[in-house]
Amino acid sequence: MSNSSPIKGRLKVFLGYAAGVGKTYQMLEEARELKRGNTDVVVGYFEPHARPDTIALMEGLESVPLRAVEYRGARFEEMDADGIVARNPQVAVVDEFPHTNVPGSPRAKRWEDVIYILDHGIHVLTTMNVQHLESLNDQVFNMTGVRVRETVPDWVVQQAAEVVMVDLTPRALLNRLDRGVVYQGDKITKAKQNFFKESTLVALREVALRETAFEVESRQPATNAAGRVLVYITDDPSSIALIRRGKRVADYMKSECLALVVSPAANVSHLAPEQLKHLQKNLNFARQLHLQTHEIIGSDVAEHLVAFARQHGVTQIYLSRPKPSPLSMPFTKDLVEKVARLARDMEVTIVAERVTKK
Amino acid sequence: MPQPNRLTPDELLRQVQAEEEYARTGRLKVFLGYASGVGKTFRMLDEGRRRRERGQDVVLGAVQPHSSPDLDDLLNKIPVIPLLEIEHTPVMDVETILRRTPLVCLVDGLAYDNPPGSRNLHRWQDVEQLLAAGISVITTINLQFVEELREQVESIRDKRVHVSVPVAFLHRADEIVVVDTPTDFSVARTADSYAAAEQDEAARKLSQLRELALLLAADVVDEQLEGFLPAEGATPAWGTQEKILVCLTPRANAQRMIERARVICDRFHGELFVIYVGQSDLTADGQAALERNLSLARQAGAEVKLMTGQDAVATIIEFARQQRITQIFIGHSLNKSIWGRFTRTTVDRLIRAAEGIDVKLFPH
């Protein structure tokens, strides 16, 4: 029945900036409201560590049972996307959008489960915090010192019909934390030492407000697309931050974003297995973020890069910052210079990985 | 080398004075709406009620003449200081409130003008007086009454308003909350009617207003962040907002850089800075070109900074760190450079020093 439903479900994201701002609460309130209006609503996944107020809202809502997954001898429970599709409600409520499923689940990520559910014509309400947005990963690391592992690609959130911000001022949130509404016991003190510093919360809240504004704006009739962004990818880990940054700028400029690998020989056979693995990883990452990836053969990276850019109507080239040590890759230092010299009709941007903290 | 995060005695003194001043004045909390009927007044009154239940002394200094059972219920729970009626205009009774000295005063409708001869021309000035007297204020305002946004909002709403509050007053708020309308997630719509709804003029206008409100709140929050940075001795957090710094040099194609920076800044709703690090040996032509470029920068709405420093790169980077710059734009003249003899030019050094900041190169 996978393609029997021509109309996709609509996705609504409740976006917050920290645990305890009330995302799940607001989502469940909306679910109850829909149910009162005779909409067929089920809860597909509900975070069991929720606060008492929130748990109370679950009363009277139908849940689709979770599905048991065996992994390394242990038993885990995950959302049953197939069960939800079989139940076929009008609306499914799915908490914790960025969650990673246990290996052995049909899909690796909960957001993939949600896309699967939407493809079956079921509307979905879901929750996430802004720091789980892929393109913000480096900035969030810089603000919080925390490298968020579970991320959602920006294009997934872009597909949502609506993004609403669940807002609470940091002071009110800290009050709730102190009153034991968010966490209990030691977790409170621990949280305050890490994530729940007021300055960190204020910074994250600002990011969430701006992100929501961007989500609102990008759902308006589009202004003209302007130029194209090209990201130069190598096997170096710095390519990851470069991809995030190039894609984010491209999204804001409403430009297309391309990624390019230039190898001196066919089949990238010159690379050691380890390097090849990293290169593939970086290319896959680019594809996951919906960059159009290209691989070309050429001995002179700068010349081929710029020629490719010109052929493809690129207006901005993104390069990683040269390594501090000239020994690591002697030609990278000159790559920036040579590209800048050749691409005089384009903007060349050098991105330094944002890893200054910790 | 000076520690970037260590404060000088003067800075420390200023910080202590600022903290004392802060402790003396009341806190300001603003509920910001972007359409009428979204429930700003309800949110304000509800917070007043909760504070009273926690034992705080809360009074209602001003309420607008609207009524609903929900509001009436809340209104009964909070003592009211009646408005004065001067020349048929409702005026907040500042004197009575000051005498009463509550902990918190609720002020509905911040954007009211008082009649001539009142102690203040505007209600927001009344609020300033309450804050100065150590009374905390919780207030409501609609987006269209923010002076700096008035034109933009009027072009969206097609309606004129005649009173306003300067955005600087909102920037000093300790807390700002956007009161978001409950959006209409109707599941009954088909794909066709949804497409039709997307084109719906009213929905589009509401979205534009919603975006403006969110961005205004983000700006206010950014001000709060500035307050934390020195106090917590924290390294400034980059990237809450895009901030672009254009470096002027006598030969750089300043016009192109400033134009591009403006476009990118607008897309990100960011801030634009233009810096010139002084060189003593400017020719008369160079000086004239610089003046032209500076005036271009000001026309583009950039914050212009003229600095002197032995080491231009160090000066630029230091300024960039202070301002939490995310992108530096700089001109280069690499066309004359000979491959293989790349010397450590200014640009090269800047790229190496700009850890965590993008550097965008523009050919001369």
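Only the coordinates and a few stated rules stand behind these numbers; no lab work does. Predicted model, so just to flag it, every value in this text is computed and none were measured. Note that we place each Cβ from the backbone using ideal geometry, even for glycine, and neighbour counts take in every protein chain shown.
Before moving on, here are some points about what is shown:
- Distant-in-sequence amide H partners of A:Leu11 (H built 1.01 Å from N, under 5 Å): A:Val124, A:Ala161, A:Glu162
- Since only B:Gln327, B:Val274, B:Gly286 are under comparison, the one whose Cα sits farthest along the positive direction of the charge dipole of the stretch B:243-363, derived from C-beta charges on Lys, Arg, Asp and Glu, is B:Gln327.
- Rounded FRET efficiency, nearest 0.05, which uses the C-beta distance separating B:His88 from B:Gln56 and R0 of 30 Å: 0.35
- Between 0 and 90 degrees, the angle of helix B:254-268 with respect to the longest Cα principal axis of chain B falls at about 30 degrees.
- Reduced Cα scattering model of chain B, Debye log10 I(q)/I(0), q = 0.06, 0.11, 0.15 Å⁻¹: -0.33, -0.94, -1.28
- Remark on B:Val146: its backbone amide H falls under 5 Å from those of B:Val165, a criterion applied only to residues 5 or more positions apart or on other chains, H modelled at 1.01 Å from N.
- Near A:Val157: Cβ cut-off under 10 Å, other residues only, Lys/Arg at +1 and Asp/Glu at -1. The net charge is -4.
- All-pairs Cα distance distribution in the stretch B:243-363, expressed in whole percent, bin size 5 Å: 2, 11, 23, 24, 22, 12, 5, 1, 0
- Short-range pairs are left out: with C-alpha atoms under 8 Å and at least six residues apart, the relative contact order of the stretch B:9-231 is 27 percent.
- In order through the stretch A:207-218: 3J(HN,Hα) via Karplus (6.51 cos²θ - 1.76 cosθ + 1.60), integer Hz, x for Gly, Pro: 4, 5, 4, 5, 5, 5, 4, 5, 5, 5, 4, 6
- Anisotropy class of the stretch A:142-181 from Cα gyration tensor, a/c 1.5 cut: oblate
- Where Cα atoms sit under 23 Å apart: lysine pairs in the stretch B:9-231 separated by 8 or more or lying on different chains: 6
- The stretch A:118-185 shape via C-alpha gyration tensor axes, a/c threshold 1.5: oblate
- Rough spin-label spacing in nm, given labels placed 7 Å along Cα→Cβ, for B:Gln279 and A:Ala265: 4.7
- The HN-Hα couplings worked out from phi for the stretch B:280-291 by the Karplus form 6.51 cos²θ - 1.76 cosθ + 1.60 (θ = phi - 60°) are 6, 9, 5, 6, 4, 5, x, 4, 5, 4, 4, 4 Hz, whole numbers, x standing for Gly and Pro.
- Structural descriptor for the stretch A:228-351: relative contact order 31 percent, calculated from alpha carbon pairs under 8 angstrom and at least 6 residues apart.
- Overall shape: rounded for the stretch A:11-218, with the ratio a/c of the largest to smallest alpha carbon gyration tensor axis below 1.5.
- Percentage relative contact order, chain A, counting C-alpha pairs under 8 Å, at least six apart: 16
- Whole-Hz ³J(HN,Hα) from phi, Karplus 6.51 cos²θ - 1.76 cosθ + 1.60, for the stretch B:134-142, glycine and proline x: x, 8, 6, 10, 10, 9, 10, 8, 9
- Going by neighbour counts of Cβ atoms within 10 Å, the residues A:Ile350, B:Ile264 line up, fewest first, as B:Ile264, A:Ile350.
- Rounded tilt (10° steps) of A:330-342 against the dominant C-alpha axis of chain A: 80
- Built amide H within the under 5 Å cut-off of A:Val69, gap 5+: A:Phe76, A:Glu77, A:Glu78
- Chain A - convex hull of alpha carbons, volume per residue in Å³: 180
- Take every DSSP beta bridge whose two residues both sit in chain A; close to 15 percent of them are antiparallel.
- Its alpha carbons give the stretch A:228-351 an Rg and a Dmax of 13.4, 38 Å.
- Rounded to 10°, Cα long-axis angle of helix A:301-311 versus longest principal axis of chain A: 70
- Debye log10 I(q)/I(0) for the stretch B:1-104, one point scatterer per Cα, at q = 0.15, 0.20, 0.24 Å⁻¹: -0.78, -1.14, -1.41
- Compactness of the protein assembly as shown as Cα Rg over 2.2 N^0.38 Å, two decimals: 1.03
- Using 0.36 nm per residue and subtracting the Cα-Cα separation, the extra length available between B:Thr101 and B:Gln17 on full extension is 27.8 nm.
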